[in-house]
Every structure is written in structure tokens, then in C-alpha cells.
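Each value in this text was obtained by applying a stated rule to the coordinates, not by laboratory testing. Nothing here was measured: the structure is a model prediction, and the numbers come from that model. A quick note on method: Cβ atoms are made from the backbone with ideal geometry, for glycine too, and the neighbour counts reach across all protein chains shown.
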Amino acid sequence: MRFAPAAAALSLLFAATASVSHASWFDPDPVAEALVAEGQALLAAGDTQGAIDLFETALAVDPGYTDIYLRLAEAARAEGLQGKAIGYYREARERDPENLAAIAGEGEAMVEKGAVQAAQANLAVLQSMCGDSCPETARLAAAIAAGPPVLRAEVVDPTEGVTAN
């Protein structure tokens, strides 16, 4: 009888742990999946703002669907907003720390932003998780090898296109 409170507390702990681990592996809402698929098609067609609108709608429908954050990050990168993309990738990693696509995408966005050392830390994480044979590892290693994009100045003739009043 004196072990009853401890047994009850222990069984409650196991029940809570089991329900939390089960809750993280759920099927996404079919409406959210359809919105994400439609957004991907718009993103592939070059309509990034339309894609972002659909991804945000999908996020409102199913806020627990981690894949939406990856799609939002892709769209942000397509718009040249690497800092925003990194934020989305970090949200995806917070929800799913072992998400290889989020780790690799965050690293690629870091390279595009010029933070190569931070991207190398992501590469080390990927290598420890899945080795060098993983497509995400290879993709991030290639991005690091290529380095950040170089901005070039364009020479413009100041008299071209100027008219006198």
C-alpha cells in the first residue's frame, strides 16, 4: 500500500511520455498537404509570393506540419531572403531536430549569406548523423565548396539615358 502513490506517479509519467512521443508522429491534414503541393507548383513556376501565401494558409490549417517550414524557407531563399529562410529552417529543426533537409537547407542559406563557418558546423552535424553518402551532406558540401555568391559591380555610363531640359 505504501508504494501505491509512487506507482501511480510512475504510471502517469509513462503515459504522458508515450502520448507526447506519439503526438509528434502524426499524419498531416490533407487540406494542408494539398495547399503545400499547390504552393510547390507555384514556386516551381516562379510565383514565389503566391507560393508563400499558400504555405502560410497551410500553416494556419495545420500548425504542426513541419514540412511547411521547409517550403517557406525555400520560398524565402528564392526571394533572396536568406536570413528569413534560416529562421524557418531553425523552426523546422526545433520541431524535428533530426530533420536532415532542415539542417542542410539552413547550411546552404548560411553559405549564401556568407557564413561559411556556421555552414561547416551544419555539415559536421550531417556527417555525424548520416555520413558522407547522404544526399543532404553531399549537397551542403558542394555549396560550401562553391562558396558564397560574389556580387559584381556593373559599369554604367552616367550620360546614357539622361536628357537635357
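The table that follows gives values for the structure above.
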read-out	value
Using θ = phi - 60° and Karplus 6.51 cos²θ - 1.76 cosθ + 1.60, couplings along segment 33-42 (whole Hz; Gly, Pro as x)	4, 5, 5, 5, 5, 5, x, 4, 5, 5
Segment 27-146 - Rg and Dmax from Cα coordinates, angstrom	14.2, 39
Virtual spin-label span in nm between E98 and A145, 7 Å along Cα→Cβ	2.8 nm
Stretch gain in nm, segment S128-V156, where the contour uses 0.36 nm per residue and the Cα spacing is subtracted	5.2 nm
